[in-house]
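**Student:** My questions all concern the structure below.
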C-alpha cells in the first residue's frame, strides 16, 4: 500500500484544504493539538530554504516531534534519479538507495528539489519528488518541487479564508507575473492556480506574452475550478487582470515555452519593468490584499508602497506557514497510516 | 513598545553584568534554572560560527527550549538592509521582509553579521543588526555584529569575576593588538573595552600606530569607565601596555583609519611580528591571566608557551560562553516581555 | 584518566561487538532503552555525511538526548592539527583549542575527518581523530576517519548476526574491490577487515594488483582473526575471491602503494571495469548476501540486478546504523565514565 503523501496540495480535496486552513487559524489562535513524541520528520533540502525550513521545524517542535533537517551541500548532495544509469558522473548516490534508508530513520519524509529549468520534459516529470514517491515506504511532504509548492498553497488558502471567509467560490483572485533579474521556476504560480481552483475562486492569470504556464497544468486547474464553482482565465494586460480583484498574488516565473531559449527570454524580461506591482496597479482592484510567497525583490517585483502598505498580507501568509504546516502534520500523523483525508 | 534586546552588552548596566557573571558561575557550579518549554530561539548566522553557535544551542537546550539555527549559505542567504533600494543585484531578500516572518516562528531572535570592512560608515551603522532591531517585534540577541560581541563580553566578565572577584574597579586589564595574516573586524576589541569600562577596570589598550579603534567608541568607553570608577588609556608599546596587568586580552584587528587602504595596512601588519604575545611579554605583567576569544592563530597571535601555560584562561572563558548565554536567556525569558534588567 | 572512546570498533572486544549487534537487533525489534535526558552529543563533521549524520541524530533522539551537529564549511572550518606550527596559513583554528572547548558543551564528542589521500604517513597517523583523542577529556566516537569507520563496522556485524547467527567463526566473507571514477580512502575496507577478523570469520579480500590495503593494518587484522578463530587471505581474482562466500561486501578504494602516483592509478582503474559486481560474479558465491556501505555508484561498483535483487542487504545495513549507534551510545552513557566494555 502506498503511503499518503502531500504532493500538490489537492490530496485533501477542496473541503480538506478548507478544513486545514480553518484548523491553522485555530492553532494560530492558541488551540492545543495532539502531541506526537518521538515521531520524527526528516527533511531533505536539495535547495536553500529560509521560511519553509524554519516554519516546518517550528511545526515539528510544536507537535512534540523531532526534526532532522539536511542542508544542501554539506548534508545532502547531488542525487541521481534516472533508473538504470551508469553512475560515472557527478552524482555519488542514487535516490533509489538514499530514500529507503532515510525512511528507516523517521516517520515522515519531506523534500525540496527545485526545477532545473533546462529541460521542459524533465521538469514536467518532477523527477526528484517522483523518486521520493516511488521509493519511500513512508509519507512524503513536498517542500517545493519543480512543479508544486503545496505548503505555500495551504498558507495562501488560510490567508484567503482569514480575510475573505470560508466560502471562496467566485472570489476574484489575480495572479500576476512580475519582473525579476533571473529566470525562475513555476512551482509557486502553478500552486496558486491549483489552490485557487480548488477553492472555486475566479482566477485571473496576468502575464506578458511568452510567459505562459505549462498548458497541461493550466488545463487541469481550469477543470478543477469548474468542478468547484470557479474559473480560470489568462490575460496579457496587467491592469485588466487586476481590475476588480479582491486578492493580487505577484510572482515572477519563466515561460513554459521559454525552455531552450533563456537568453531571448532574458532580453524580453528586461523590457518588462512596467509589470512591477505599484500602487497605481493596485488601484484597479477592489481594495485587494497583496500577496507574495517571499523572498521578494522589492521595487522589482513589487514597490515598497504596496508591500509596506496596509493591504499587504505577505508577513501574515508567511507567519501562517507555521500553522498550516502544523495542521497538515497533525492530520497526517493522527491518521496513523490510514487515509488522513477521510477524517 | 520595543522589545528588550541585547546589543552591546551594556543593557543590563554595570550591576546587571556583574549579576549575570555571578549567575553564570552559579550555573556552572550546578545551580538549577527555570525551564522554558516550547520557547524557541531562532539564530540566523550570516557568518560562520563554532563556539557561539554551539554554546548558544547548549544554553537553549539546558533551559528546556528549542533551537532553530540557520547556517550561512544553505539556510541564510545574503540579505539587503538598505531601505528603498531597487533589488536587482545580489540579494534575493530584504531584512524588512525576513525579520518579521522569523519573529512569527520564535520567541527570541539572534543574529550574527560581521563587519564588511569595506566602508567605515556602513560598518559604524552596524546595518544588519540595526535592521533586526528595527524590524523585530521580539527581543534580539547580538551574536557578533560589525561593532559588538556582547556574549563574548559576558564570558570575559565572568572569567574576570571568577579569578579576580566581583569588584573589578581599578583592576589593571590590558587589551593588546596582535599580528594576524588577515584584516579583522574590531567587534571583539570594542567589546573588551566596553565590558572593562562597565566593570570600572583600568583598561590599557596597546596597539601599533595605525591600528586605532573607532574614536567614537573609545570615547564612549572612556566615559563609561569614568562613571564606574575606572579608566581607559591607549599606548603604542606592547611591553609598556602589559606592565602591571592582571589580565592580558590579545586580539588582532584592523585599524579604523585603515578603511580604504587595506593593502598598505597589510604591508604594515607584516612587519609587526614582534607583537606576538610570548612569555617574555607576559613577564611584564603581574602574573596576568591570558585571554583570547578564539579561534586563535597559534604562534602568530600568541605563542604556544603562553596559551598552553598555567595562566591561560582561554578554554575557561570559552566554556563560560555556555553558562553566560544561559544566564542571559534565563533573565530575558523570565521577564516575560517586561524589562529584564530591572529584576 | 583517559575517557573511553570508540575509535576502530575493536574497543568492546569480540564479545562486546557481538553484544552490541544483538542489542541493536533487540532495539530494532522494539526493546526499550534507558533514556539520558539533558545529555548531549556534539558531532563535528569536517566532511559531508548523509547516513552517519542522520542515523546518529536519530539514535540521540531515541535516547532522549540532544544533538548538536556542526556541518562542514558553515559551522566547522579547516582545523590545524600539527603541534607547534606557526598558523599563518589556511587554518584559522587549532584542534588543541577547539576540542577542549567543545568538550565543555557536551557529554560525548563525535568527529568525521576523511583521509587526505596525499600523504601516506599523515593518513596513517589519522591526524584529526588522533587530535580529538589527545585533547578531549570526554569520550570520542569516530564517525569515519582516515583509517576507520567503526559505526559502519557495527552495522555490518549486526547484519551478519541477523542473517547468519551469532557465531560467525569460520564464515566465508568476501570483501571485493570495485571500480569507481575517483580515488577513495580505505577506511571502509579496513573496517570490514577488522570487524570480520573480530568475529572470527574467514575473510577473503579480492582486489586487482596495485590496490593493496595498508600492510600494517592487514597484518593486524590477520592476528586478530587468528585470535578469534578466523583467517584473512588476499586474492587478485574476483571470481576466485567470491567463490563459496556467504557474504560479499563491495567497496572501491585507492591502493596503499598508490600514494604519490594517483594519475597512474586512475589509468589503471579505468581498465578494471570488469570488477563491477554483477549477477554473474555473485553466482560464484554460496547464495551470498550483497553489502555496500552506501553511497554507491550503481552500475559502476555494482549492477542494479545485484543491489536490487533479493539478496541485497544494503538498505537493511544502513537501517541498522540507527540501532547500532543507539546500542553503542546506550552502552557508553550507561557506564557513566567507567569502562563501558566491562559491563
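The values are calculated or read from the model by the stated rules, or taken from the named source; none is laboratory data. Just so it is clear, the structure is predicted and the values come from calculations on it, not from any experiment. Neighbour counts are summed over all protein chains in view; Cβ atoms, including those assigned to glycine, are modelled from backbone coordinates with ideal geometry.
**Student:** Checking residue B:47 against (1) on the phi < 0 side of the Ramachandran plot; (2) modelled with pLDDT of 95 or more; (3) out of contact with any helix residue (DSSP H, G or I) (no Cβ under 8 Å at 6 or more places or on another chain), only one condition comes out false. Which one?
**Tutor:** Status for residue B:47: all satisfied but (2).
**Student:** For region C:190-214: of the residues being out of contact with any strand residue (DSSP E or B) (no Cβ under 6 Å at 6 or more places or on another chain) and under 18 Å from residue C:265 (Cα atoms), which is surrounded by the fewest Cβ atoms within 10 Å (Cβ to Cβ)?
**Tutor:** C:209
**Student:** A follow-up question, please. Which residues, counting only those in region B:66-96, are in contact with a strand residue (DSSP E or B) (Cβ under 6 Å, 6 or more places away or on another chain), facing another protein chain (nearest Cβ under 7 Å) and in a loop (DSSP other than H, G, I, E, B)?
**Tutor:** B:71, B:74, B:87 - these are the residues of region B:66-96 that are in contact with a strand residue (DSSP E or B) (Cβ under 6 Å, 6 or more places away or on another chain), facing another protein chain (nearest Cβ under 7 Å) and in a loop (DSSP other than H, G, I, E, B).
**Student:** Here is a follow-up. Here are some residues: B:130, B:157, B:110, B:146. Which one is at pLDDT 95 or above, outside any helix (DSSP H, G or I) and more than 14 Å from every other protein chain (Cβ to nearest Cβ)?
**Tutor:** Result: B:146 is the single residue among B:130, B:157, B:110, B:146 that is at pLDDT 95 or above, outside any helix (DSSP H, G or I) and more than 14 Å from every other protein chain (Cβ to nearest Cβ).
**Student:** All but one of (1) in contact (Cβ under 8 Å) with a residue 40 or more places away in the chain; (2) on the phi > 0 side of the Ramachandran plot; (3) not assigned by TED's automatic domain parsing to the domain that holds residue A:118 hold for residue A:299; which doesn't?
**Tutor:** (1)
**Student:** Okay, moving on. Restrict the check to region C:14-24 and report whether at least one residue is part of a loop (DSSP other than H, G, I, E, B) and touching a residue at least 12 places away in the same chain (Cβ under 8 Å).
**Tutor:** Scanning region C:14-24 turns up no residue that is part of a loop (DSSP other than H, G, I, E, B) and touching a residue at least 12 places away in the same chain (Cβ under 8 Å).
**Student:** Follow-up. Hey, among the residues in region B:267-296 that are part of a helix (DSSP H, G or I) and within 24 Å of the chain's Cα centre (by Cα), which one's surrounded by the most Cβ atoms within 10 Å (Cβ to Cβ)?
**Tutor:** Going through the qualifying residues, I end up with B:269.
**Student:** Please enumerate the residues belonging to region A:32-61 that are part of a helix (DSSP H, G or I) and at the interface with chain B (Cβ under 7 Å from one of its Cβ atoms).
**Tutor:** A:51, A:53, A:54, A:55, A:57, A:58, A:61
**Student:** So, in region B:1-33, of the ones that are at pLDDT 95 or above and more than 20 Å from the chain's Cα centre (by Cα), which residue ends up surrounded by the most Cβ atoms within 10 Å (Cβ to Cβ)?
**Tutor:** Applying the filter and picking the extreme gives B:27.
**Student:** Still on this model: Could you list, in sequence order, all residues of region C:104-136 that are farther than 23 Å from residue C:340 by Cβ and without any contact (Cβ under 8 Å) to a residue 60 or more places away in the chain?
**Tutor:** C:116, C:121, C:122, C:125, C:127
**Student:** Here is a list: A:187, A:155, A:183. Which entry is in contact with a helix residue (DSSP H, G or I) (Cβ under 7 Å, 6 or more places away or on another chain), buried (at least 24 other Cβ atoms within 10 Å of the Cβ) and outside the structural domain of residue A:330 (by TED's automatic domain parsing)?
**Tutor:** Checking each option against the conditions leaves just A:155.
**Student:** Right, next: Restricting attention to region A:64-77, and to residues there that are touching a residue at least 24 places away in the same chain (Cβ under 8 Å) and surrounded by fewer than 20 Cβ atoms within 10 Å (Cβ to Cβ), which single residue is nearest to the chain's Cα centre (by Cα)?
**Tutor:** Of everything passing the filter in region A:64-77, A:72 is nearest to the chain's Cα centre (by Cα).
**Student:** Check off (1) crowded, with 24+ Cβ neighbours inside 10 Å; (2) in contact (Cβ under 8 Å) with a residue 40 or more places away in the chain for residue C:101 and give me the number that stays unchecked.
**Tutor:** So the condition that residue C:101 fails would be (2).
**Student:** Which of the residues spanning region C:158-170 are within 14 Å of residue C:313 (Cβ to Cβ) and in contact with a helix residue (DSSP H, G or I) (Cβ under 8 Å, 6 or more places away or on another chain)?
**Tutor:** Within region C:158-170, C:158, C:159, C:160, C:161, C:162 qualify.
**Student:** Regarding region C:281-293, can at least one residue be identified that is within 14 Å of chain A (Cβ to nearest Cβ), farther than 19 Å from residue C:143 by Cα, touching a strand residue (DSSP E or B) at 6+ places or on another chain (Cβ under 7 Å) and without any contact (Cβ under 8 Å) to a residue 24 or more places away in the chain?
**Tutor:** No, region C:281-293 has no match at all.
**Student:** If you go through region A:328-339 one residue at a time, do you hit one that is without any contact (Cβ under 8 Å) to a residue 60 or more places away in the chain and touching a helix residue (DSSP H, G or I) at 6+ places or on another chain (Cβ under 7 Å)?
**Tutor:** No, the conditions are met nowhere in region A:328-339.
**Student:** Take residue C:248 and decide whether it is crowded, with 18+ Cβ neighbours inside 10 Å, closer than 17 Å to residue C:293 by Cβ, touching a helix residue (DSSP H, G or I) at 6+ places or on another chain (Cβ under 9 Å) and modelled with pLDDT of 95 or more.
**Tutor:** yes
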